[in-house]
Amino acid sequence: MSQPVKLNFKIYQGSTFNESFRCESSKKIYKAISNITQAAPAVVSSTNHAAKDGQRIKITNVGGMTEINSSDTYHLATVIDTSTIELNNINSIGYKPYISGGIIEYNELLDLTGCTARMQIREKLDSDTFIQELTTANGGIIIDTASSKISIYISAIDTANFTFGSAVYSLELVYLDGTVKALLNGTLTLVKEVTR
């Protein structure tokens, strides 16, 4: 089983905390590119790309417009249709013209059908009690199976009552068969409220 992703967050005391992320597997998907526009934003053509709106994608092996190639930089896809993706953070007007080739690379999304999730916040890893518990049952965690997205939600009322400086958390996914997968862990830093 893969290791959980380490992701640290800031919580602003007295403000609603709402963070979303997509659940990706380690399996890579590769789709051929047929064109990239010299435009702001850049638009990539790739027949039946199957990427989801907001999914992280990487562009490699493009001929001509080599400035867009990257071995490690991912961009958020804005899906126009089944064959077109807009890359809103790329202004390719000044790039060399696209000539040929290229690959869209992304990780396959996890199937979250029937899953629940749970998360606890503790002051320290070995603390006996938790500060807050979030689950799909209590509305603190929302699973969108269509886009393999998980959202973490803590109300402004709850964050107003937080007093820790920093805390730790872990988030687990529970499958229908009882299998538990550790998805995320990390630290939470509380930024104290000024306006209250």
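Just checking: which of the strands (runs of 3 or more DSSP E) contained wholly in the stretch 84-196 hold 2 or more residues that are at pLDDT below 95 and farther than 30 Å from Ala42 by Cβ?
Filter on the stretch 84-196 gives 180-191.
May I ask you to list the residues in the stretch 29-76 that are touching an Asp or Glu at 6+ places or on another chain (Cβ under 6 Å) and charged (D, E, K, R)?
The one that is touching an Asp or Glu at 6+ places or on another chain (Cβ under 6 Å) and charged (D, E, K, R): Lys58.
Would you call Ile121 more than 30 Å from Thr187 (Cα to Cα), surrounded by 12 or more Cβ atoms within 10 Å (Cβ to Cβ) and in contact with a strand residue (DSSP E or B) (Cβ under 7 Å, 6 or more places away or on another chain)? Before you say what the answer is, go through the steps one by one.
On the way: more than 30 Å from Thr187 (Cα to Cα): no; surrounded by 12 or more Cβ atoms within 10 Å (Cβ to Cβ): yes; in contact with a strand residue (DSSP E or B) (Cβ under 7 Å, 6 or more places away or on another chain): yes.
So Ile121 does not fit the description; no.
Taking the criterion of being surrounded by 15 or more Cβ atoms within 10 Å (Cβ to Cβ), closer than 18 Å to Lys149 by Cβ and not basic (Lys, Arg), would at least one residue in the stretch 59-74 satisfy it?
No, every residue in the stretch 59-74 fails to be surrounded by 15 or more Cβ atoms within 10 Å (Cβ to Cβ), closer than 18 Å to Lys149 by Cβ and not basic (Lys, Arg).
Mind counting the residues in the stretch 90-111 that are within 16 Å of the chain's Cα centre (by Cα) and of a type outside the set (A, V, I, L, M, F, W, C)?
Total satisfying the criteria: 5.
Report whether or not Ser25 is in contact with a Ser or Thr (Cβ under 9 Å, 6 or more places away or on another chain) and in contact (Cβ under 8 Å) with a residue 60 or more places away in the chain.
Here the answer is yes, as Ser25 does meet what is asked.
Report, ordered by the first and then the second residue, all pairs with beta carbons closer than 9 Å, sequence separation of six or more or different chains, a first member in the stretch 38-50 that is farther than 17 Å from Val62 by Cα, and a second member that is basic (Lys, Arg).
Qualifying pairs under 9 Å: Asn48/Lys31; Ala50/Lys31.
I'd like the residue in the stretch 79-118 that is of a type in the set (D, E, K, R) and out of contact with any strand residue (DSSP E or B) (no Cβ under 6 Å at 6 or more places or on another chain) and, out of all such residues, is nearest to Ser151 (Cα to Cα).
My answer is Asp111.
For the stretch 3-15, which residues satisfy the criterion of being open to solvent by 60 Å² or more (accessible area, probe 1.4 Å) and either touching a Ser or Thr at 6+ places or on another chain (Cβ under 6 Å) or among the charged types (D, E, K, R) (or both)?
If the condition is that a residue be open to solvent by 60 Å² or more (accessible area, probe 1.4 Å) and either touching a Ser or Thr at 6+ places or on another chain (Cβ under 6 Å) or among the charged types (D, E, K, R) (or both), then Lys6, Asn8, Lys10 are the ones that fit.
With respect to Ile141, determine if the residue is free of Cβ contacts under 8 Å to residues at least 60 places away in the same chain and surrounded by 15 or more Cβ atoms within 10 Å (Cβ to Cβ).
Details: free of Cβ contacts under 8 Å to residues at least 60 places away in the same chain: yes; surrounded by 15 or more Cβ atoms within 10 Å (Cβ to Cβ): yes.
Here the answer is yes, as Ile141 does meet what is asked.
Listed residues Ile57, Ile85; which is in contact (Cβ under 8 Å) with a residue 40 or more places away in the chain, touching a His at 6+ places or on another chain (Cβ under 7 Å), among the β-branched types (Val, Ile, Thr) and within 25 Å of Leu7 (Cα to Cα)?
On the way: Ile85 fails: within 25 Å of Leu7 (Cα to Cα).
Only one candidate passes the filter, namely Ile57.
With of a type in the set (Gly, Ala, Ser), surrounded by 16 or more Cβ atoms within 10 Å (Cβ to Cβ) and closer than 22 Å to Gly186 by Cβ as the only criterion, which of Ser170, Ser151, Ser127 stands out?
Ser170
Test each condition in (1) within 21 Å of Val191 (Cβ to Cβ); (2) more than 18 Å from the chain's Cα centre (by Cα); (3) open to solvent by 60 Å² or more (accessible area, probe 1.4 Å); (4) not acidic (Asp, Glu) for Phe164 and report the one that comes out false.
All conditions pass for Phe164, except number (3).
Take the residues in the stretch 106-118 that are crowded, with 17+ Cβ neighbours inside 10 Å and in contact (Cβ under 8 Å) with a residue 60 or more places away in the chain; name whichever of them is nearest to Ser70 (Cα to Cα).
Within the stretch 106-118, the match that is nearest to Ser70 (Cα to Cα) is Tyr106.
The values are calculated or read from the model by the stated rules, or taken from the named source; none is laboratory data. Not measured: the values here are computed from a predicted model. Cβ sites come from the backbone with ideal geometry, for glycine too, and all protein chains shown count toward neighbours. Surface accessibility is based on the protein's heavy atoms, side chains included, excluding ligands, DNA and RNA. Shrake-Rupley method; radii C 1.70, N 1.55, O 1.52, S 1.80 Å.
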